[in-house]
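The values are calculated or read from the model by the stated rules, or taken from the named source; none is laboratory data. The structure displayed is predicted, hence computed values, not measured ones. We work out accessible area using only protein heavy atoms, side chains counted, and drop any ligands, DNA or RNA first. Shrake-Rupley method; radii C 1.70, N 1.55, O 1.52, S 1.80 Å.
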Amino acid sequence: MYVVTINQRDTREVGDRVDELTAALSDLPAALPFQRSVGDEAIGIFVEPAPAIEAVLIALRQRRWNVGLGAGTLHEPLPEALDDVRGPALVHARRAVTRAQRIDTSRASIAPLKPGERLPLAVAGADPVAAEQAEAVLRLVGRLVAARTQAEWAVVDLLVPGVRGQQKDIAAALGISSQAVSKAILRAHAEDEAAARPAAEALLRLAA
């Protein structure tokens, strides 16, 4: 199981945005969809690592969240209420998000990630070595996501990895040239992100 625990970094400045976060994550195939746990924090639980990674990257894209991912077992059958969930994966996620809070204590910012700025992301799991390796890969992928501009996201959001011949359609949808689409894809490192995700999935399976 994969538990993603996310809490807000800028509540005092902009108010509680947890409901917006849970709405943004509601379409992911979760064993237990994201729910507010306490205060400005939400937790979601996944059977597979891929949607857990997607949740992590959505949160990192928004640039206002500390993100912890725990990989391990939970007591089954899984209850419907978050308060009734028990098991090591939940503990790993709590340890991870607590560490993420210490990684970057600067103010949250919706601006793209700056050089040298650290991502508030951590991973913990049943296999500490694999968890550390998964965290390293997710940090690299997360940097690609958090550093994108709005113009790059406009292109990437329409891009389906591995499908050829999309650039003309994306250009038409956005009213820009195919060349501009191609440049945005390169700057956003969209292909690198897609290529790295399976490595993160494999390491999270080992971590669990």
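Below are the figures for this structure:
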read-out: Within a Gaussian network of the chain (alpha carbon springs, distance under 10 Å), most fluctuating of 173, 188, 154; value: 173
read-out: Rounded to the nearest 10 Å², the accessible area of residue 73 at probe 1.4 Å; value: 80 Å²
read-out: Part-to-part distance (alpha-carbon centres) for the stretch 135-208 and the stretch 68-100, which is given in Å; value: 29 Å
read-out: Area accessible to solvent at residue 26, 1.4 Å probe radius, in Å²; value: 70 Å²
read-out: Gaussian network model of the chain, Cα within-10 Å springs - most flexible of 97, 160, 181; value: 160
read-out: The stretch 6-109: equivalent-ellipsoid semi-axes (sqrt of 5 x gyration tensor eigenvalues, Cα, Å); value: 22, 14, 13
read-out: P(r), alpha carbons of the stretch 86-176 - 5 Å bins starting at zero, rounded %; value: 3, 11, 17, 16, 14, 13, 12, 8, 5, 1, 0
read-out: Per residue, in Å², the accessible surface of the stretch 37-141 once ligands and nucleic acids are set aside, probe 1.4 Å; value: 46 Å²
read-out: Cα extents of the chain along the three principal axes, largest first (Å); value: 52, 37, 32
read-out: Area of residue 114 that stays accessible when all protein chains are in place (1.4 Å probe, Å², to 10); value: 130 Å²
read-out: Carbon plus sulfur fraction of accessible area for the stretch 73-171, probe 1.4 Å, in percent; value: 55 percent
read-out: Hull-based mean projected area of the stretch 56-105, where the convex hull spans the alpha carbons, in square nanometres; value: 4.1 nm²
read-out: Max mean-square fluctuation residue, GNM over the chain, Cα-Cα springs under 10 Å, options 85, 123, 137; value: 85
read-out: Vicinal HN-Hα couplings computed from phi for the stretch 198-207 (Karplus, 6.51 cos²θ - 1.76 cosθ + 1.60; Hz; Gly/Pro x); value: x, 5, 5, 4, 4, 5, 5, 4, 5, 5
read-out: Calculated log₁₀ intensity ratio I(q)/I(0) where the Debye formula runs over C-alpha points of the stretch 1-45, q = 0.21, 0.31, 0.32 Å⁻¹; value: -0.64, -1.15, -1.20
